[in-house]
Each structure stands twice: as C-alpha cells, then as structure tokens.
Amino acid sequence: MTTEITTSPAVLSLQQEQRRQGNMTESEKLNEALEATFPASDPISQSSGSVPSGRTNAAEAERVRKSKDETRGNRADVFGTIATAIRSRPATSIAIVAALAYIWRATR
C-alpha cells in the first residue's frame, strides 16, 4: 500500500511567500512594511466639534451647547469647594492623599 504525501495549499503558499521575502531588497521590505501599517500612518483629525456634522435640529444643537457650558460651571464649583476644604484642613487633606496613594500603589 503506497501513501501519497501531498502538501496543503497553505503550506505551499507559506513557502512561496518565504521565498519571495527572501529575495526582497531592503527598500522593498521597508515599502511593504509601510503598506502594512498604512491605516495607522494616516494623520489624526485636527478638529472636532461638540455638534456632529449633519445635525439639522438647531434646538438640539443649542441644548447640547448649553449643557456643555453648565458642566464647565459645575466643574469650577467642585474644584473651588475642594480647594477651600484643603485650605481649611491641610493635615486631613494630606492624610487622605496618603491613604489614596497607598491604596493606588497596593493595587498596581
């Protein structure tokens, strides 16, 4: 009984690719590597808006704009409150930061 050994198409393709890469010049290898990373080489967008382009509802756009402004005001109030608490009780603030740093370090 004779068994015929055949090579799978995947193995043949791999061997062909290895031969092709072995014969490539450094410049060709660099060009191929650049092509393989092309989507990552696209520049990032320089602009972004709070209202997506294509939104045609002016009232909704105004609501988004107002909520953004309110969020900024709330953030300033929170930071002001924290700053006041730190100034009034610096030792307590240091103890809280030390405890948080210990927990942070212990979980990393």
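Could you put Ile103, Ile86 in order, starting from the residue whose Cβ has the fewest other Cβ atoms within 10 Å?
Details: Ile103 10, Ile86 14.
If I rank by nearby Cβ atoms, fewest first, I get Ile103, Ile86.
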*Please report, in whole Å, how far the alpha carbons of segment 58-106 spread along each principal axis, starting with the longest.*
49, 29, 6
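Laboratory data are not the source of any read-out in this text; all were calculated from the coordinates shown. Since we're looking at a predicted model, the values are computed, not measured. Backbone-built Cβ (ideal geometry, glycine too); neighbour counts: all protein chains shown.
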